[in-house]
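The values are calculated or read from the model by the stated rules, or taken from the named source; none is laboratory data. Just so we're clear, the structure is a prediction, and the values are computed from it rather than from any experiment. Methodologically, a virtual Cβ is constructed for each residue, glycine included, from the backbone with ideal geometry; neighbour enumeration extends over all protein chains shown. Ligands, DNA and RNA are stripped out before the accessible areas are found, and what is left, the full protein with its side chains, is counted by its heavy atoms. Shrake-Rupley method; radii C 1.70, N 1.55, O 1.52, S 1.80 Å.
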Amino acid sequence: MNQLTMRQAVQADQERLADLRALVLYDDLTRLGRYDELKVRERFRNTFDPIYTWIIELEGSSVGCVALKPRSEGVLLEHFYIHPDVQGRKLGTRVLEILLGQDEVKGKRVILNVLKGSPAQRLYERFGFVMDREDEVDVFMSVQVPQ
């Protein structure tokens, strides 16, 4: 199995991760008629917080990111992007196993949103996430993590 590690992000990671977001979301946002070259990166920049963001590394190379942010209603899982070149290798599964096993999320509700029609929704459903609501673009999901 490939060596997967995660390190805390730093501010200098911001632009590279904004580019990764644009690459990963391109197909889904285009399908939904929502891709905008500038806005896709700007939304990341406006919500990026290195304190809560982790860089996903495979064999020492950066291949993605994920953020877990405390919220009054639980924990927000966002910015979960894995480079297309390494998708399909169960990295998302491994990252979610790590995240949902952390003491900080045990006993809490984890919330997220995923683009409608995204294959990522199936990954979340395998971990027990259920749809709370949806709009024309997003599916809002959550799971209560056991103690």
Checklist outcome for this item: Amide H proximity to VAL63 below 5 Å, modelled H, separation 5+ or other chain, gives ILE56, GLU57, LEU58
Next on the checklist: Students often get this wrong, so try it: which of [x] 38; [y] 43; [z] 33 is percent of Cα pairs over 22 Å apart as calculated from the structure shown?
Outcome noted: [x]
Checklist entry - If you put +1 on each Lys and Arg Cβ and -1 on each Asp and Glu Cβ, how big is the dipole of the range 69-112 around its Cα centre, in Debye rounded to 20? => result 100
Item to check | Distant-in-sequence amide H partners of ASP49 (H built 1.01 Å from N, under 5 Å) | outcome: none
Item to check | Solvent exposure of the chain as accessible area per residue, Å², 1.4 Å probe | outcome: 55
Checklist entry - Please state the relative contact order of the chain as a whole percent: Cα pairs under 8 Å, 6+ residues apart? => result 20
Checklist entry - So which trypsin sites (Lys or Arg not before Pro) in the range 75-147 are both in a DSSP loop and have at most 11 other Cβ atoms within 10 Å of their Cβ? => result LYS106
Next on the checklist: Give me the one-decimal nm value for the distance between modelled label points at ASP27 and GLU125, 7 Å along each residue's Cα-to-Cβ direction.
Outcome noted: 1.8
Item to check | Neighbour cut-off at most 16 other Cβ (10 Å), DSSP loop, chymotrypsin sites (Phe, Trp or Tyr not before Pro), the range 25-77 | outcome: TYR35
Checklist outcome for this item: Toy charge model, Lys and Arg Cβ at +1, Asp and Glu Cβ at -1: the chain dipole around Cα centroid in debye, rounded to 20, equals 260
Checklist entry - Around ALA9, which amide H atoms from residues at least 5 apart in sequence, or from another chain, sit under 5 Å from its own amide H, with H modelled in the peptide plane? => result THR53, TRP54, ILE55
Item to check | Potential extension, ARG34-GLU134 segment - 0.36 nm per residue separation minus Cα distance | outcome: 34.4 nm
Item to check | Which of MET141, MET6 is most accessible, then next, and so on - probe 1.4 Å | outcome: MET6, MET141
Checklist entry - Which shape class applies to the range 5-56: rounded if a/c is under 1.5, otherwise prolate when a/b exceeds b/c and oblate if not, where a ≥ b ≥ c are the square roots of the Cα gyration tensor eigenvalues? => result prolate
Checklist entry - So what J values fall out for the range 82-93 if you push phi through Karplus, 6.51 cos²θ - 1.76 cosθ + 1.60 with θ = phi - 60°, rounded to Hz, Gly and Pro as x? => result 10, 3, x, 5, 10, 5, x, 10, 6, 5, x, 4
